[in-house]
Amino acid sequence: MIGFFAVTEELDRIREIALDPFAAARDAKKRTGKPVIGAVSSWVPDPLVIAAGGITMRFPAGLPGREGGTRARAHFQAASCFYCRSILEMGLEGSLDFLDGMLFVQSCDTQQNLSDIWKVAMPSVPVVDLYMPVNRLSSGALDYLLSEIARASDELGAITGTKIDDDTLGSALIERFKVERSIEVLYEARRACEGRVCAVDHYGACIASSCLPPEESAPLIAAAIEAVGSGEMVSRSEDDEPELACILAGSVIPYPGIYALLDMLDVAIRDDDLSVGRRLFDHNVPSGGSPFERVAGGLLDRSPGAVKHDTGMDRGGRLGELARDANVKHVVLPLLKFCDPWAWDYPRIRKRLSEEGVGTMLLELAGEEDLTAGPVRNRVEAYFEMDRVGDLFDV
Ligand code: SF4
């Protein structure tokens, strides 16, 4: 519900960024003169880009309307993830001409294809690949990842003209930690003020952390938190809190529409397990060791989305834990069209959550829908309406 909550200069900026993070990154480059490095995955370690003197532009999605573009279709089959297709379309149409490089952390098949296609189709924007260990639990995972991070750092430094070493990476870790901590505090503040914090602004703050330099994003997020604390973001009275609540889970969320929809239907989002969300900060970076070891340790500790499978991993169980902690009975899972990793995971997640008494709502999105109107809104409204009504046959 954009504009329904407090208007402050900082919150206005956050809302603008949420709607067009690409423009925000382009402006940041103009203001600071720093190179901008594109990132398609939340696995891309920001400290590497910061240490290389750059700004990370983590794509939350392509711009609206690029999903069905014909340029990308010449490279990707039509039934491939619209997120990657829309990013490629933007690159091919020239909308990403402000990028100085791309850093891919190899995760799902489509992203690996995107990296290969990028090298051929857009050679003017150089690509660095960082290959994660297939098995993060193996005894050789840390050594392997350290060698990969060292190689990728050299290649990234060659693009930006700034060498990544212990000193630059150590300072970058501190800068990034401030941003991650501010997002974590925002999550705590939202939880404490349930239902009275605009979900769209929360989303915007996460996006701001993913397309601005840390010295700009951390104060912006801090301003949002201050607005929560001072009650400026409060739009309802204490006794008018939403009765319904959920957590969001999945890959990336394209545009703020899903947040706006849940705000509009008075469904509180108490937590999430999303790439541009909790997974931005939900990992332990070891406090000891060299900066390179700390970056590697943080990557190995990340809560994995569907793109990583480790033996014994129980993603449904983890979502069940999040739901229990947040005291919610529903998980809303927006699934981007043709995203195979999450589509494969969904049946197991649903079964596991239902064993825990948690309902799952799968929302397949093609990227072009107006989520606050039409079929998607009807489905979400009907789903939560059933919860409000309760079990009609329970007499
Ligand atoms: S995980 Fe899914 S949404 Fe993300 S890039 Fe891969 S296929 Fe696309």
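Quick look at the numbers
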item: Order by protection proxy (mean Cβ within 10 Å, highest first), peptides 177-188, 48-59, 100-111; result: 48-59, 100-111, 177-188
item: Length released on extending from Asp109 to Thr70, taking residue separation times 0.36 nm less the Cα-Cα span; result: 11.9 nm
item: In nm, spacing of pseudo-spin labels at Lys351 and Leu137 (7 Å Cα→C-beta vector); result: 1.9 nm
item: Listed residue (Ile207, Thr360, Met313) projecting farthest to the positive dipole end of the chain, Cβ model; result: Met313
item: Extended-chain gain in nm, criterion 0.36 nm per residue less alpha-carbon gap, Ala192 and Ser290; result: 31.7 nm
item: Dipole magnitude of the chain about its Cα centre (Cβ charges: Lys, Arg +1; Asp, Glu -1), debye to nearest 20; result: 960 debye
item: Listed residue (Tyr144, Gly257, Leu280) projecting farthest to the positive dipole end of the chain, Cβ model; result: Tyr144
item: Nearest-ten-degree value, helix 166-192 long axis tilted from longest Cα axis of the chain; result: 10 degrees
item: Using alpha-carbon coordinates, inclination of helix 315-326 to the longest axis of the chain, degrees; result: 60 degrees
item: Simple label model, 7 Å out from Cα along Cβ direction - Ala23 to Glu364, nm; result: 3.3 nm
item: Förster-model FRET efficiency, 25 Å R0, Ala79 and Met313, C-beta, rounded to 0.05; result: 0.40
item: Tilt relative to the chain, helix 21-32 - C-alpha long axis, 0 to 90 degrees, to 10; result: 40 degrees
item: Amide N proximity, region 113-139 versus Ala150 label position 7 Å along Cα-to-Cβ, cut-off under 19 Å; result: 129-134, 139
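Computed from the coordinates by the stated procedures, all read-outs in this text should not be read as laboratory data. Predicted, not measured: the structure shown is a model, and the values here were computed from it. Don't worry about glycine lacking a Cβ; one is built from the backbone with ideal geometry, like all the others, and counts go over all protein chains shown.
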